[in-house]
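Data first, discussion second: the structure below is written as structure tokens.
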Amino acid sequence: MDPSSSGSGGNSLPSAACTDAGKRRVCYFYDPEMGNYYYGRDHPMKPHRVRMTHELLHGYGLLDPRKMLVLRPEPAGDRDLCGFHSDDYVAFLRAVTPETQLDRMGSLRRFNLGEECPVFYGLYSYCQSYDAGASLSAAAMLNGGSRDIAINWSGGLHHAKKGEASGFGYINDAVLAIFELLKIHEVKRRQECCRNILDIKDVPPRGDQCPKSTISQRVLYVDIDVHHGDGVEEAFSTTNRVMTVSFHKYASYFPGTGNIRDIGYSEGKYYCLNVPLDEGIDDESYQSIFKPIISKVMQMYRPGAIVLQCGADSLSGDRLGCFNLSGKGHAECVKFMRSFNVPLLLLGGGGYTIRNVARCWCNEVCRVDTPSHIFIGGWN
């Protein structure tokens, strides 16, 4: 298949687990306590949307253990969170409470907590378990090789920075998950190159036997949230081990970054790809851009794993969004990424009309198990 094709399938890479048309080994992370966290009455972020998604999955019989493995996430420890975030920021998140925040106004301003990113009851537990913990657990499942696809709809809060909260997110779980994936997933050319150099036909080479230039662990991060994935891009802007690709609204729109000219720095130059889009873009126009770009990226970069941030605020009718994607069009991106037969981590993200978020993510669970579909609340 032509890698630049904009057809319905992807340019499938070799996979020991299955062919493109086969079932995937899927794991899904969820904890019923997730829906109890509350940003505030008038705040657009509603963690309850993840519970709604779970209930919809249950209603359609998609939580059957024969279809996918359902797991409760392990909380991330301080050391895990400090793998990316600064020690003082993590310590502040651990210590601050709604009762003590007024005594810490200087730190609140320093770490950007306030109306956008409020201090609520159980904030640190929320960050440990349902944001970072679930995404780290999902990445570890992919690293173990027992699953082809891992899902954490409570993750994907892609705006958080090393030392500050941003865009309703406190911990950047996507960055932490990518760090976890980088421990194991390597470009497929490494083994082929080393075999040629060592003239070994059957035994994979050890890492220390390979020339340094051929050892390159790579992860591709793709973001289909209506907002630019600025926190993830910033974290990896100087490395070629992670390529970030973001499709988003740009100009006079939060977070104000993601210019097409932003391409990374130093060793990361040209490994950052921004695709700014106009408001109102529909399914057909979106796919005519998304599929050729991703096909070429996959052909040239050949990652060992993919992280797909599935922000549902790019859907038509979202409370904060401005795109005009249908549930079917949004799910087509997931289906397309699935077709490459590369370990795939699906994360949530934005999405503020919660009934649409639940329908969207439930539909996308259908798309990753098999290429078939079901009807969900009038959505195909």
Qualifying residues in the range 78-88 (those that are in contact (Cβ under 8 Å) with a residue 24 or more places away in the chain and assigned to a loop (DSSP other than H, G, I, E, B)) - the one surrounded by the most Cβ atoms within 10 Å (Cβ to Cβ): 85
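Table: residues versus (1) over 27 Å from residue 352 (Cβ atoms); (2) acidic (Asp, Glu); (3) touching a strand residue (DSSP E or B) at 6+ places or on another chain (Cβ under 9 Å).
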residue: 47; (1), (2), (3): no, no, no
residue: 55; (1), (2), (3): no, yes, no
residue: 58; (1), (2), (3): no, no, no
residue: 87; (1), (2), (3): yes, yes, no
residue: 93; (1), (2), (3): no, no, no
residue: 98; (1), (2), (3): no, no, no
residue: 114; (1), (2), (3): no, no, no
Can you find even one residue in the range 256-272 that is closer than 18 Å to residue 226 by Cβ, open to solvent by 50 Å² or more (accessible area, probe 1.4 Å), within 21 Å of the chain's Cα centre (by Cα) and touching a residue at least 24 places away in the same chain (Cβ under 8 Å)? yes
Filter the range 141-183 down to the residues that are more than 25 Å from residue 248 (Cα to Cα), open to solvent by 10 Å² or more (accessible area, probe 1.4 Å) and of a type outside the set (Gly, Ala, Ser) and list them by number. 141, 143, 147, 148, 180, 182, 183
Scan the range 45-62 residue by residue and report those that are open to solvent by less than 50 Å² (accessible area, probe 1.4 Å), in a helix (DSSP H, G or I) and not basic (Lys, Arg). 50, 53, 54, 56, 57
Scan the range 319-338 residue by residue and report those that are crowded, with 24+ Cβ neighbours inside 10 Å and not in a helix (DSSP H, G or I). 321, 323, 325
Using beta carbons and a limit of 6 Å, which pairs, at least six apart or on different chains, have the first residue in the range 216-238 and without any contact (Cβ under 8 Å) to a residue 60 or more places away in the chain and the second one open to solvent by 10 Å² or more (accessible area, probe 1.4 Å) and of a type in the set (Phe, Trp, Tyr)? 237/265; 238/265
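Yes/no per residue for (1) at pLDDT 95 or above; (2) hydrophobic (A, V, I, L, M, F, W, C); (3) more than 30 Å from residue 364 (Cα to Cα); (4) assigned to a loop (DSSP other than H, G, I, E, B):
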site	(1), (2), (3), (4)
64	no, no, no, yes
67	no, no, no, yes
76	yes, yes, no, yes
90	yes, yes, yes, no
99	yes, no, yes, yes
105	yes, yes, yes, no
114	yes, no, yes, yes
129	no, no, no, no
134	yes, yes, no, no
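For every residue, the table says whether it meets (1) open to solvent by 50 Å² or more (accessible area, probe 1.4 Å); (2) of a type in the set (A, V, I, L, M); (3) outside any helix (DSSP H, G or I).
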{"site": "251", "(1), (2), (3)": "yes, yes, yes"}
{"site": "274", "(1), (2), (3)": "no, no, yes"}
{"site": "280", "(1), (2), (3)": "no, no, yes"}
{"site": "290", "(1), (2), (3)": "no, no, no"}
Checking residue 40 against (1) under 24 Å from residue 152 (Cα atoms); (2) open to solvent by 50 Å² or more (accessible area, probe 1.4 Å), which test does it fail? (2)
Which numbered condition residue 346 misses (of (1) in contact with a Phe, Trp or Tyr (Cβ under 7 Å, 6 or more places away or on another chain); (2) surrounded by 24 or more Cβ atoms within 10 Å (Cβ to Cβ)): (1)
If residue 138 satisfies all but one of (1) buried (at least 22 other Cβ atoms within 10 Å of the Cβ); (2) farther than 18 Å from residue 161 by Cβ; (3) of a type in the set (A, V, I, L, M, F, W, C); (4) in contact with an Asp or Glu (Cβ under 7 Å, 6 or more places away or on another chain), what's the number of the condition it fails? (4)
Scan the range 325-337 and report the pairs whose first residue is touching a residue at least 12 places away in the same chain (Cβ under 8 Å) and whose second residue is β-branched (Val, Ile, Thr) and assigned to a helix (DSSP H, G or I), with Cβ atoms within less than 7 Å and a gap of 6+ or a chain change. 334/368; 336/294
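The values are calculated or read from the model by the stated rules, or taken from the named source; none is laboratory data. Predicted model, so just to flag it, every value in this text is computed and none were measured. Using ideal geometry, Cβ is built from the backbone for each residue, glycine included, and neighbour counts are taken over all protein chains shown. Accessible surface is based on the protein model in full, side chains and every heavy atom, while ligands, DNA and RNA are left aside. Shrake-Rupley method; radii C 1.70, N 1.55, O 1.52, S 1.80 Å.
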